[in-house]
Amino acid sequence: MEMVEYSLVAARTPRHMLPKTPPAVLGVGRAKLRVRSERQEKPPPVIRDSARLEHDVGALGKAAAGLAAAAVVSLTGFAGDIVAPPPARAESLTVAFPVSKAREVNRVQRTLVEAWGLIRETFVDPTFNHQDWDQKLQQTMVEMFPLKSADAAYGKISGMVSTLGDPFTKIISPKEYQSFRIGSDGNLQGVGIFINTEPGSGRLLVMNCVQGGPADRAGIREGDELLEIDGNSVLGLDGEAVAQRLRGRAGTTVQVKLLDGTGNERSGRTKQKEVQLSREVINISSLSTAIISHRSGDGLEGKTGYVRLAAFSQTAAAEMESAVKRMEDEGVQSYILDLRNNPGGLVKAGLDVAQIWLDGDETLVNTVDREGNVRAINMVQGQSLTHDPLVVLVNEESASASEILAGALHDNGRAILVGHKTFGKGRIQSVTELDDGSALFITVAKYLSPALHEIDHIGIQPDIQCTPDMLSLPRAPPLSENSETATSLEMDSCIMVAEQALEIQQSKGSAS
C-alpha cells in the first residue's frame with residue numbers, strides 16, 4: 001500500500017475575514033474594539049501514514065489554536081486585545097485507516113482529516129451532536145476508500161459534517177468558495193439578484209435586486225419565487241448553489257423562470273414569467289437611502305433619513321457612514337434603519353455600523369464558547385455620527401449580523417425596534433480555506449445581545465409590532481418630489497409606525 005506522510009498546517013485562519021493587523025491590538029472601523037480571550041494554545045498537528053495513516057490528535061492542536069486562540073476574531077472578522085496564555089499539553093490519539101489508491105480521492109482524504117481536526121477542536125458543541133467524532137472519522141475514511149472520484153469523496157465529507165446537526169457548519173468546493181469571497185468583497189459578475197431560502201417551505205424567494213442591474217431592469221421584484229435556471233429546476237438547491245448558477249462571465253446570458261410574488265398576494269392567482277438576463281459586472285451597494293419629508297401636526301417641516309441595508313458586505317459601514325454624514329448636512333432630524341430581509345453577512349461590518357450610532361465603551365455583543373465562557377465585545381471610546389432619534393425595522397428574515405446590530409442598538413437604549421421577531425441565527429462561524437482551496441464553515445460560538453438575551457433559535461422581539469401590508473388609506477403628500485421611492489415608503493405600514501415612534505421620541509428629546 002502506498003506510503004503517505006501528511007502534516008496539517010499550523011494555523012488555517014480565514015484569509016479574507018481576519019484583519020492583517022497583529023492580534024495584540026486591532027483597530028476596527030472608526031473606533032477600537034476590545035476582546036479578551038483565555039483560550040489555550042496546543043502543540044502543532046502532525047499526521048503520519050505508514051501502510052496506514054496514523055493521526056496524532058495531539059498534533060491537531062495548533063491547527064485549532066490559530067482558530068481557537070482567535071476564534072472570535074476569525075469568525076466575526078473583528079478583534080481587540082488578545083491575551084495569549086501559555087501553551088497547554090494536548091491529548092494524543094491514533095486513528096488508522098487505509099489510503100486510497102485513486103490519487104484524486106487520496107487528496108480528498110487529506111482534506112477530510114484537515115476538516116475533521118478543525119471541527120474536533122473548535123465546533124461549538126463539544127459532544128458533536130452526541131456522537132463519537134473520532135469514530136466518525138474512521139467510518140467516513142472507510143466509506144471513502146473504494147470511491148473513484150473526488151466529487152463522490154467530497155460527498156462523504158459533507159455527509160460526515162451533516163451529522164453534527166448544524167446546517168451552518170459545512171464544507172464547500174474551491175469554486176463555491178471563490179464565489180463566496182467575490183460576494184463578500186462586494187463585486188461580482190452576474191445578474192444582480194439576492195435569493196434566500198424560505199424557512200419551512202424551502203422556496204427560493206427574491207429578497208431584492210441591485211438597483212439598475214439586469215434583474216431589476218427585467219422587472220424581477222422582491223417576493224418572486226425562482227423556479228428554473230436555464231430550463232433546470234432549482235428544487236432542492238440552497239441559496240449559494242443558486243447564486244453559483246446565476247453568476248458567470250459578463251456578456252453571457254442566463255434564462256430564469258419565476259412565479260410572480262406580487263400577483264399572488266394581490267389576486268391569489270399564480271402567474272409565471274420567464275426572462276433572459278445578460279450578466280454584467282455588478283458593483284454591489286448593499287445600502288440605499290431616501291429622505292422622507294413631512295409636516296407635523298403643527299405645520300412644521302421635518303425630515304427623516306431612511307437607510308436600507310440589504311447585506312453586511314465589506315463596504316457596508318463605509319457606505320453608511322457616508323450616507324449619514326450627507327443626510328446630516330441636509331438637515332435630517334431622525335432616522336429609520338431598515339434591516340428587513342437582511343440575512344446578515346460579515347459580522348465585522350455589523351459591528352462597524354453599530355459604532356456609527358453609539359458612543360463610549362458600550363458592549364456590542366457577547367460571545368459564548370463551547371465551554372460556556374461568556375466574553376463581551378466592547379467599543380473603545382466610540383463617537384457616534386449623530387444622536388438623532390432612531391428606529392430600526394426588522395422582520396423574520398433579519399438574521400445573524402442584522403440581529404447583532406439590532407440587539408446592540410436596542411439594548412444600549414439607542415433605538416426602538418419595529419416590525420416582527422427576527423430569524424434567530426445567533427451563531428458565530430469561522431471560514432477557513434483548506435489546502436485544496438475548498439473552505440470549511442464551522443460554528444465555533446454563539447452570541448448573546450448586550451443585555452445577555454439569547455438569540456439563537458429565539459430571535460429578537462421588537463418593541464412595536466407592525467404588519468407588512470401596504471396601506472390604502474390616504475396620507476399627506478411628502479414635501480420632496482422624489483417620486484416612486486418616496487411614494488412606496490409612504491405606503492409601507494411599518495414606515496408609518498416608525499415615523500410615529502420617532503415623533504414620540506422627538507417630543508421627549510433626542511436619544512442618547
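The values are calculated or read from the model by the stated rules, or taken from the named source; none is laboratory data. Treat the numbers as computed from the prediction; the structure is a model and nothing was measured. Backbone-built Cβ (ideal geometry, glycine too); neighbour counts: all protein chains shown. The accessibility values were calculated without ligands, DNA or RNA, using every heavy atom of the protein model including side chains. Shrake-Rupley method; radii C 1.70, N 1.55, O 1.52, S 1.80 Å.
Summary table below
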item: Cα→Cβ-extended label distance, 7 Å offset, between residue 235 and residue 493, nm; result: 3.4
item: Equivalent ellipsoid, the range 314-388 (semi-axes from 5 times Cα gyration tensor eigenvalues, Å); result: 26, 15, 10
item: Potential extension, residue 178-residue 318 segment - 0.36 nm per residue separation minus Cα distance; result: 48.0 nm
item: Calculated FRET value between residue 101 and residue 507, using beta carbons and R₀ = 60 Å, to 0.05; result: 0.20
item: Positive minus negative residues near residue 253 (Lys, Arg vs Asp, Glu; Cβ under 15 Å); result: +2
item: Charge tally in the Cβ shell below 12 Å around residue 280, where Lys, Arg are +1 and Asp, Glu are -1, residue 280 excluded; result: +3
item: Efficiency of FRET between residue 371 and residue 222 - r from beta-carbon atoms, R0 56 angstrom, step 0.05; result: 0.85
item: Accessible-area order (highest first, 1.4 angstrom probe) of the listed residues 326, 249; result: 249, 326
item: Full-extension gain in nm, residue 129 to residue 303, via 0.36 nm per residue minus C-alpha separation; result: 57.4 nm
item: Net charge of neighbours whose Cβ lies under 12 Å from the Cβ of residue 241, counting Lys and Arg as +1 and Asp and Glu as -1; result: +1
item: Per-pair calculated FRET efficiency, R0 = 45 Å: residue 383 and residue 278 via Cβ, rounded to 0.05; result: 0.50
